[in-house]
Structures are given as C-alpha cells and as structure tokens.
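The values are calculated or read from the model by the stated rules, or taken from the named source; none is laboratory data. Values in this document were obtained by computation on a predicted structure and should not be read as measured data. Cβ atoms come from the backbone with ideal geometry, glycine included; neighbour counts cover every protein chain shown. When the accessible area is computed, the model is the full protein with side chains, heavy atoms only, and any ligands, DNA or RNA have been set aside. Shrake-Rupley method; radii C 1.70, N 1.55, O 1.52, S 1.80 Å.
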Amino acid sequence: MTLQYWLRWLSLQGVPRLVLRVQSRRGDTFARMMGPEGIRDPHPYIEQIRAQGKLVKTPLPWVTCDHSLVRTILRDNRFGVRSSARIEIPKVLAKFANRMPPPANPADPPAMLRMNPPEHTTMRRPVVSAFTPRAVEKLRERVETVTEELLDAMPSDGSVDMVEAFASRVPIAIIFEMLGLPRADMGQFLFWGEEMTPMLDVGISWSKYHRAMRSARQLNDYLDRHIERLRREPGEDVLSNMITGSQLDHYALKANTSIIIGAGFETTANLIGHAITLLLNHPEQLDRLRAEPELWPNAVEEVLRYEPPVFITARSALTELELEGVQLPQGAMIMLSLAGANRDPAVFDDPHRFDVTRPNANEHLAFSSGVHACFGANLARMEAGYALRAMFERFPDMRPAGPPRLRQQLTFRGYAQVPVRLGPAVHATSSH
Ligand code: HEM
C-alpha cells in the first residue's frame, strides 16, 4: 500500500516538486511563488508575472494574474479541471499506482472540485439548495448563538490564539450542524482538515502527502460508519439529503462530503484569521468600521479581495484551442492566480491598499466563477460578517500579542495562529 501511495505521490506531487525546486534555484518567478518565499509574501512574484504579460509560460504550466483572463477561463467550457498537476510516470508504474483508488478525499475525483460536467453537475446538484441565500438566512440565528458562546468562553483581558479559539470554531460548528455530525468530533475534524488540505497544493513533500493519506483513511472509516447510520435513520441534514436524494455511490458520497467539510471550515477560518490580522494592523480601518458598522459587509469583501483564502486554482484545455494569440495543445494547464486577479490595477485602484470602503471590492474572484464557483459564498460572508463585528465589539481593545504564523500552504492560504491580547470584554446591547 505504501509503495502504491508513494508512486501516486511521485506522479502527482514528487515530480512537480522536483521541477519547482530546480526552477526556483534557477530564479524562475512562478516556481519561487509556489515555494516557501512565495508563501511568506507572494505579491512581489505575482507582480513580476503580471509585468511579463497576460498569459505567461513557465517551465511547468502557463500562469495568469489578469482579472479578466482568469474570469474568462473560469467561465469558458473549453477548459476544465484535471485531477492534479500530474506529471506522467512510466505506464507500468502508473498502472500499479492506480490499481486501488485512494481513500476518498477532497483533492481527487470524484470530489466535485475535480470533476467536469456532466458528472460535476450530478455531484453538485444535491447540495446547492442547502446554500441558497434563503437557506443561509435561516442559519443566521445559529451563527449568532455559536459566536456569542465562543466569545463568552474567552478570558476577559486574557491572551488567546484567535484561530484556535474563534476563527476555526464558528465555521466548523455550522458545517457540522448542516451535515448532522456530532459536536464532540469537531476536534478530530480540525486535525484531519489541517492534515488533508495540503493535498490541494502543488509539489508537497512525501511526508505531508503520507500524513494527508493517513488522515483521509481515518476520515473514510469515520464516514463509512456515519453514512451507514444516516442510511438507517436519515435526518434533515445536507448529508442525509445527499444519501436519499441522489444517485451518488458510497465512494462519491464520501469524496464530496470531505470537500464540503474541508471547504466549509478551512476557507472561512482563513477569511476570519486574515480579517483579524488585517484589521489589527490597520487600526484606522477598524475605527472607520466602529463609526460606520454598516460597512462590515464591504470590509469582508475587501478582506476576500486583499487576502483570498483560496489563493490559486488551475484549469486545463479540454481541446486544442487559441487563447490570447497563443495556440494551446489539449491538456495544457493554466494556473489562475485568484490573488493576482484581485490586485489587478485594471480593475482595482491602488490595488495594494487595504480599504474597507473600496466601492468595487466585491468584484474580487475569491469565490472563483463559472461552474465551480463556490456555493458556500453566502454562508461564508454571513458567518464572517457577524463573527468579526461581534468579536471586535466585545473586545474593543484587542491588540496583537505576537506575530501571526502562516500555514505552510499556498492554495488554502491562511494563518495557523493569530495570538492576541483581548483587553476587557464589553457586553454591548446593540443588535446587528
Ligand atoms: C471564505 C470562504 C470560502 C472561500 C474563499 C471559498 C472559495 C472557493 C473557491 C475559490 C472555489 C472554486 C475553486 C475553483 O474554481 O477551482 C470553491 C469551491 C467550493 N467551495 Fe468554497 N469557499 C469558501 C467557503 C465555502 C463554504 C462555507 C463551503 C461549504 C459549506 C464551500 C464549499 C465549496 C465547495 C463544495 C466547492 C466546490 C464546488 C464545485 O466544484 O462545484 N466553500 N470555494
């Protein structure tokens, strides 16, 4: 089994990793952006790529940071998703590597993020109705209750890590309720999420991949039991609807549940973590929000624009085609920098300025576009908007208590730790 996983890693991650490392040493901008320097501060690399043109060839794929081109590609059905930036390994080895499917996970088919229409539509349809604006509005009260409970539990005037104590807790509590998962298992899922999301990156190490696969196996065992229980006694939750209302087989159910869970809390947690850090570092923007709290929804859009929790995605040409005067062969892969699109000066004035009053902040592409556009966007916006405002009102003197620590991941970019000194709690009576 381990040899099989190792060969999968080699094909999906190991060879791209080697190419990226070699190219990075040679000074290639894209390779450096995808490495540790880029994780720390990707924007200098993004701007270098932007300066080279709209569509730039790199030693691995093509890349674009251009807002209009990213949006066009995401909405163009001549492009689709591929299982990964896979690099071919000899056929006999590939056959062995794929002899047994890996444990169902968010990064491999049939997770909907890795499927093209028409199969993609089959995966997505049974879920989206739970995320319409009206369905999300019904969750508002629960978001308020969960937020207040978490804030009540914080030590007045103490020091806490806001990722651990707050940013990850609000979204996971809500997605757990939506999927009918028991609260007691949240800690376990936070751990699995942390271990598995690196699979969405390009060029991760064997040890990270191995840990991700181990967590995926444990999650599969868990979901086997949980799905079995829901088959016997379906509830009102999203997963019960997927089980009873769709034709998805057991493996597809698990893969798509794992992506809903992973996408449902890691991304929103990163949004809240980014927002806390940005606002603490821009106290004048926080003052503006205190004076005009109706700006909160726009502030959330500006955080999504400025620090998109999903930093990069990719599409492949499904057929030979022409784009921007370039002839692309079938299979050509283009990395789409959502972060680059979000700071495109052709769309956003003074794009590197964080400004909660920016009139067109919501033109960002943080939730992607086209058939894979995030259906959790309304939920994420509502959760983050409420949670952030309530938190800054409860602890108006909150201050950083040390440097925040970024996760060593690029696709799901966010903070692993945001240490703060809370200051005294204020119990306001205002309703939002
Ligand atoms: C701030 C929070 C969030 C951000 C920034 C975000 C971002 C994204 C992006 C960029 C994509 C598309 C990737 C691509 O086109 O390749 C996506 C897809 C997806 N998101 Fe979100 N997301 C967030 C929250 C959520 C939530 C709360 C849920 C569910 C509860 C969710 C579930 C999904 C799923 C299942 C997909 C795959 C959709 C498909 O392939 O059709 N996301 N998200």
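At a glance:
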read-out: Most mobile listed residue (Glu137, Glu324, Glu148) in the chain, GNM with C-alpha springs under 10 Å; value: Glu324
read-out: Accessible surface of the chain [probe 1.4 Å, protein heavy atoms]: carbon and sulfur percent; value: 52
read-out: Bridge type composition, the chain - antiparallel percent by DSSP, nearest 5; value: 85
read-out: Nearest-0.05 FRET efficiency for Ala291 and Gln4, computed from C-beta distance (R0 41 Å); value: 0.10
read-out: 1.4 Å probe accessible area per residue over the chain, in Å²; value: 43
read-out: Residue of Arg343, Arg225, Arg290 that the Gaussian network model of the chain assigns the largest fluctuation, springs spanning Cα pairs under 10 Å; value: Arg225
read-out: Accessible area, probe 1.4 Å, largest first, for residues Trp6, Trp296; value: Trp6, Trp296
read-out: Pairs of lysine residues in the range 2-421 - Cα separation under 30 Å, sequence separation of 8 or more or cross-chain; value: 8
read-out: Length added when fully stretched, Ala51-His282, from 0.36 nm per residue minus Cα-Cα; value: 80.3 nm
read-out: Förster radius 25 Å - calculated FRET efficiency between Asn360 and Arg399, Cβ distance, rounded to 0.05; value: 0.20
read-out: Dimensionless Rg/Rh of the range 290-397 - Kirkwood Rh, Rg from C-alpha atoms; value: 1.09
read-out: Residue with peak Gaussian network fluctuation, the chain [Cα springs, cutoff 10 Å], from Pro293, Pro118, Pro101; value: Pro118
read-out: The range 2-421 - Rg over Rh from alpha carbon coordinates, Kirkwood radius; value: 0.95
read-out: Pairwise label distance in nanometres, Glu149 with Ala184, each label 7 Å out on the Cα-Cβ vector; value: 1.5
read-out: Distance histogram for the range 233-348 (every C-alpha pair counted, 10 angstrom bins, percent rounded to whole numbers); value: 11, 24, 25, 25, 14, 1
